[in-house]
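Colleague: Sharing a structure with you now.
The values are calculated or read from the model by the stated rules, or taken from the named source; none is laboratory data. Since the model is a prediction, treat every value here as computed from it, not as a measurement. Reconstructed Cβ throughout: ideal geometry from the backbone, glycine too, with neighbour counts over all protein chains shown. Note: accessible area is taken over every heavy atom of the protein model, side chains too, but ligands, DNA and RNA are not part of it. Shrake-Rupley method; radii C 1.70, N 1.55, O 1.52, S 1.80 Å.
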Amino acid sequence: MPRLQPIPLEQAEGKQRELLDAAKKKLGKHINIVATMANSPAVLEAYLGFSGAMGHSKLSAKAREAVAMRIGEKNHCQYCVSAHTAVGKMVGYSEEETVKVRQGESADPTIQAVVDLAGAISDTKGFISDQQFEAAKAAGLGDEEIAEVVGLVALNYFTNFFNHVAETEVDFPKVELFAEAK
């Protein structure tokens with residue numbers, strides 16, 4: 001059972017209602033993470049702003065979803081892994097590819113570089129080595145993409161940790177996490 005209760009759309013008022021209506025219009029439905037974040041309009045507004053901004057990044061939708069799946073798996077966030085696996089399939093991943101990305105592997109060299117960098121940022125709390133930075137550059141990531149990977153890692157830590165604290169109920173097809181964070 002969730003620790004923080006999602007706010008039903010029909011019970012929301014004021015800023016809460018405005019933000020939930022905007023999120024529903026953008027997402028096409030009222031999802032539990034958004035409804036739960038609505039307990040604090042400030043938190044929901046921060047999430048929607050950050051998420052919206054990152055949606056305009058130079059990185060492809062597949063690369064952005066790869067970061068979300070990889071970081072969600074590393075942080076053992078079942079809600080985020082389930083949600084981003086579903087979205088990943090919508091942007092072109094097969095079921096097998098979603099599993100590989102969650103394990104840190106991609107057949108696409110650019111996505112592999114993004115996943116490697118995201119994993120390194122996560123593992124080192126941002127203190128990546130010169131070699132890890134240079135590997136991202138050598139794989140073709142420019143300064144803009146590297147900055148965006150940092151942003152995506154931060155965004156996904158925010159949602160992963162929020163879901164851990166709230167114990168948000170998964171409202172996507174549930175994906176079982178690996179036994180240990182990989």
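Colleague: Go through the residues of region 97-108 one by one and say whether even a single one is touching a His at 6+ places or on another chain (Cβ under 8 Å) and among the hydrophobic types (A, V, I, L, M, F, W, C).
Modeller: Step one: of region 97-108, the residues touching a His at 6+ places or on another chain (Cβ under 8 Å) are none.
Among the residues of region 97-108, not one is touching a His at 6+ places or on another chain (Cβ under 8 Å) and among the hydrophobic types (A, V, I, L, M, F, W, C), which makes the answer no.
Colleague: Are there any pairs, at least 6 apart or on different chains, whose C-beta atoms fall under 8 Å, with the first in region 34-56 and in contact (Cβ under 8 Å) with a residue 24 or more places away in the chain and farther than 18 Å from Ala68 by Cα and the second of a type in the set (Val, Ile, Thr) and outside any helix (DSSP H, G or I), and if so, which?
Modeller: These pairs meet every condition: Ala35/Ile7; Thr36/Ile7; Thr36/Thr168; Ala38/Ile7; Asn39/Ile7.
Colleague: For region 125-137, give me the residue count where each residue is open to solvent by 40 Å² or more (accessible area, probe 1.4 Å) and either modelled with pLDDT under 95 or part of a helix (DSSP H, G or I) (or both).
Modeller: 7
Colleague: Assess whether Gly140 counts as being open to solvent by 50 Å² or more (accessible area, probe 1.4 Å), outside any helix (DSSP H, G or I), at pLDDT 95 or above and touching a helix residue (DSSP H, G or I) at 6+ places or on another chain (Cβ under 9 Å). Break it down into steps so the answer makes sense when it comes.
Modeller: Details: open to solvent by 50 Å² or more (accessible area, probe 1.4 Å): yes; outside any helix (DSSP H, G or I): yes; at pLDDT 95 or above: yes; touching a helix residue (DSSP H, G or I) at 6+ places or on another chain (Cβ under 9 Å): yes.
Taking the combined requirement at face value, the residue satisfies it.
Colleague: Here's something else I'd like to know. Check whether at least one residue in region 104-124 is without any contact (Cβ under 8 Å) to a residue 24 or more places away in the chain, open to solvent by 10 Å² or more (accessible area, probe 1.4 Å) and touching a Leu at 6+ places or on another chain (Cβ under 6 Å), and report yes or no.
Modeller: No, every residue in region 104-124 fails to be without any contact (Cβ under 8 Å) to a residue 24 or more places away in the chain, open to solvent by 10 Å² or more (accessible area, probe 1.4 Å) and touching a Leu at 6+ places or on another chain (Cβ under 6 Å).
Colleague: Still on this structure, I have one more. Need pairs with beta-carbon distance below 7 Å; first residue farther than 21 Å from Asn32 by Cβ and within region 60-86, second of a type in the set (Val, Ile, Thr) and outside any helix (DSSP H, G or I); sequence gap 6+ or separate chains.
Modeller: Filtered contacts from region 60-86: Ala61/Val91; Lys62/Val91.
Colleague: Here's a follow-up. With the requirement that a residue be of a type outside the set (A, V, I, L, M, F, W, C) and either over 10 Å from the mean Cα position of the chain (by Cα) or on the phi > 0 side of the Ramachandran plot (or both), what does region 149-175 give you? I'd like the intermediate steps shown before the answer.
Modeller: Going residue by residue through region 149-175, those that are of a type outside the set (A, V, I, L, M, F, W, C) are 151, 156-157, 159-160, 163-164, 167-169, 171, 173-174.
Within region 149-175, Gly151, Asn163, His164, Glu167, Thr168, Glu169, Asp171, Pro173, Lys174 meet the criteria.
Conditions (1) out of contact with any helix residue (DSSP H, G or I) (no Cβ under 8 Å at 6 or more places or on another chain); (2) surrounded by fewer than 17 Cβ atoms within 10 Å (Cβ to Cβ); (3) modelled with pLDDT of 95 or more; (4) part of a helix (DSSP H, G or I), marked per residue:
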| residue | (1), (2), (3), (4) |
| --- | --- |
| Val149 | no, no, yes, yes |
| Asn160 | no, no, yes, yes |
| His164 | yes, yes, yes, yes |
| Phe172 | no, no, yes, no |
